[in-house]
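Everything below concerns the one structure shown next.
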Amino acid sequence: MRATAREEPSLPRDASARSYLMCPPAHFRVTYSINPWMDPAKPVDLPLAMAEWGVLRDRYLSLGHTVSFLDPRPGLPDMVYAANGATVVGGRVLGARFAHPQREAEAQAHLDWFRAHGYTDVLDPVHINEGEGDFAVTASFLLAGRGFRSSPLAQDEAQEFFGRPVIGLNLVDPRFYHLDTALCVLDDAADEIMYYPGAFSPGSRTVLARLFPDALLAGEADASAFGLNAVSDGLHVLLPQAAAGLYRPLRERGFEPVGIDLGELLKGGGSVKCCTQELRA
Ligand code: ARG
């Protein structure tokens, strides 16, 4: 069993090169509200959003990761949150089906991208699932959030398609409407995660405690700063800069936190992870 850093010196960590799909926020706006963070009355600084997003992209590149790009489309302001468009494991692509009509057309844009880039094992799903917004891949499981967006029926669809055991988790706080706002996989070669317990139902909290007894537990302040909306390559954990309470516990576990400021994209209810879909070979 993996000991926590409080008892032992930090574990040696290894970054592994990742492949990510991102979509520039060229058409990002907040023109509708489908989560509690979105306020169409609040202005968005588009050049600033582009600049902040560019810093994230450059950070991935400088860490040695590969980044592919999806063409942003006018009329799809949330397309910058590329994590929601599909889930890719072992080169197999489970497409998305969005809960809200405003985002529906994004699913096809993702499917088209995968088909144009040589992916042959692509499933256009029957049931609503918002991609990696609600699916998280650990060594042993596919964790699946439900309650606000993705349908519980999507879990069976994903399990059949990927052949990985799916663990359904009930989200209960509207601020944490996607699994990736409340839980982050820190080491996907082991079952190591961090999460905010308050986002989950009591039963789901018990499930998480059983499966991940050594998880890093985040408090409400860091969760509200979108600190769980983070991306780990096994060593570096890119997370919103404001989630300052997570830096020390991450370092104690041997991770290197990398703070990223995506203040403009927060106005749409997303941050680092939302902007990043992982293409798992
Ligand atoms: N405005 C978008 C929505 O509500 C934000 C999506 C954030 N993405 C994410 N992976 N959590 O759907």
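The values are calculated or read from the model by the stated rules, or taken from the named source; none is laboratory data. Only a predicted model underlies this, so the values are computations on that prediction, with no experimental measurement involved. Glycine gets a Cβ as well: all are built from the backbone with ideal geometry, and neighbour counts include every protein chain shown. Note: accessible area is taken over every heavy atom of the protein model, side chains too, but ligands, DNA and RNA are not part of it. Shrake-Rupley method; radii C 1.70, N 1.55, O 1.52, S 1.80 Å.
Calculate, in nm to one decimal, what residue 156 and residue 46 gain on full extension: separation in residues at 0.36 nm each, minus their alpha carbon distance. So the extension gain works out to 35.7 nm. Fully extending the segment from residue 31 to residue 206 would add 59.2 nm, taking 0.36 nm per residue of separation and subtracting the current Cα-Cα distance. With the simple model of a label 7 Å out from the Cα in the direction of the Cβ, residue 261 to residue 139 spans 3.8 nm.
Across segment 135-145, computed HN-Hα scalar couplings (Karplus, 6.51 cos²θ - 1.76 cosθ + 1.60, θ = phi - 60°) run 10, 10, 9, 10, 4, 9, 9, 10, 7, 9, x Hz from first to last residue, x flagging Gly and Pro. Binned at 5 Å from 0, what are the whole-percent values of the Cα-Cα distance distribution for segment 47-197, short to long? Reading upward from the zero bin: 2, 9, 17, 21, 22, 18, 9, 2, 0. For segment 85-163, just say rounded, prolate or oblate: build the C-alpha gyration tensor, square-root its eigenvalues into a ≥ b ≥ c, call rounded for a/c under 1.5, and beyond that prolate if a/b exceeds b/c, oblate if not. Cα axes put segment 85-163 in the oblate bin.
Rounded, prolate or oblate: pick one for segment 151-281, where a ≥ b ≥ c are the square roots of the eigenvalues of its C-alpha gyration tensor, a/c under 1.5 means rounded, and failing that, prolate if a/b is larger than b/c, else oblate. Mind showing how you got there, number by number?
Details: a/c = 1.39, a/b = 1.33, b/c = 1.04.
Rounded shape, in that the Cα axes give a/c under 1.5.
Roughly speaking, what % of Cα-Cα pairs in segment 138-208 are separated by over 13 Å, rounded to a whole number? Could you put the intermediate results ahead of the total?
Working: 1559 of 2485 pairs.
Of all Cα-Cα distances in segment 138-208, 63 percent exceed 13 Å.
How many percent of the accessible area of the chain is carbon or sulfur, using a 1.4 Å probe? Don't skip to the answer; put the middle values down first.
On the way: 5900 of 11120 Å².
It is 53 percent, rounded to a whole number.
In square nanometres, what is the average projected area of the Cα convex hull of the chain? Could you put the intermediate results ahead of the total?
Values: hull surface 52.5 nm².
In nm², the orientation-averaged hull projection of the chain is 13.1.
With helices as the sole contributors, the chain gives -6500 deg cm²/dmol at 222 nm; each DSSP H run of n ≥ 4 counts as -39500 (n - 2.57), and the sum is divided by every residue.
Computed about its Cα centre, the charge dipole of segment 3-112 is approximately 120 debye, with only Lys, Arg, Asp and Glu carrying charge at their Cβ.
Restricting the calculation to Cα atoms, segment 1-130 shows an Rg/Rh of 1.05 when the hydrodynamic-style radius is the Kirkwood one.
Taking a probe of 1.4 Å, how large is the accessible area per residue of segment 109-228, in Å²?
Values: 4370 Å² over 120 residues.
That works out to 36 Å² for each residue.
The largest accessible area among 33, 140 belongs to the first residue in 33, 140, and the rest follow in falling order (1.4 Å probe, all chains). Here the spin labels are modelled as points 7 Å beyond Cα on the Cα-Cβ line, and at residue 214 and residue 121 they lie 3.0 nm apart.
Under 5 Å from the amide H of residue 279 lie the amide H atoms of 19, 20, 21, each residue being 5 or more positions distant or on a separate chain, with H modelled from the backbone and absent for Pro and chain starts.
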